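As structure tokens, the structure follows; a few thoughts come after it.
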């Protein structure tokens, strides 16, 4: 098992958001966290990354406890985050955004290098001298993913992977995530594109009011329309 989240509770000051969240991700597996806005998905990601401290529970990466660790240490242990809103460095060039994130791979498999990222996202190669503010939303998302890949993660987390992107760009992002899955990269993804998620992911976890309300495979999710109506409808 790569990531093991056990009964975590977390929140912001006196406001508790997570109430015993538990889920697992195996090596090479793609898993989703889905649910309506405000249910705790982003807080779960922030807690995994150490940006929010878990009040209770345990989080382990490849058997090593990471709850309580500093965010930079968690990143170095092998979790790459593509945060909601992308959060690239707007005044740095594409080249600088990528190179500043570079990290040697500490485990097996082909390493993500600057050249490999540009092969993966050719459009970035055409924008190397452009600042983050000069990129389209789709290009910024490619850069955010490329930057995360430059850390050579064991687990890639994407929060709102395609939010606000044009349909053609969304299709390209989903296609690239499919290639990452084929390459054996473990992925945790949050998004609202249920058709794309069901094609990409092995398993799904539905969050409702800070708790896991349902979990199952893509086949299970598609076979029961009431799950989407109950937990994912607006």
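Every read-out reported here was derived from the displayed coordinates using simple, explicitly stated rules and does not represent laboratory data. None of these values were measured; they are calculated from a predicted model. A quick note on method: Cβ atoms are made from the backbone with ideal geometry, for glycine too, and the neighbour counts reach across all protein chains shown.
Figures for the structure shown
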| item | result |
| --- | --- |
| Mean Cβ count within 10 Å, highest first, over the residues of peptides 122-134, 198-210, 143-155 | 143-155, 198-210, 122-134 |
| Relative contact order %, the range 1-125, counting alpha carbon pairs below 8 Å whose residues are six or more apart | 21 |
| Which of 227, 79 has the fewest Cβ neighbours within 10 Å, and the rest in rising order | 227, 79 |
| Nearest-ten-degree value, helix 137-150 long axis tilted from longest Cα axis of the chain | 90 |
| Å³ per residue enclosed by the Cα convex hull of the range 48-104 | 96 |
| Relative packing of peptides 180-187, 164-171 - highest average C-beta neighbours within 10 Å first | 180-187, 164-171 |
| For the chain: Kirkwood Rh in Å [reciprocal of mean 1/r, alpha carbons] | 18.0 |
| Sorted by Cβ density within 10 Å, fewest first, the residues 136, 60, 226 | 226, 136, 60 |
| Mean separation of Cα contacts under 8 Å, 6 or more apart, over the residue count of the chain: relative contact order % | 28 |
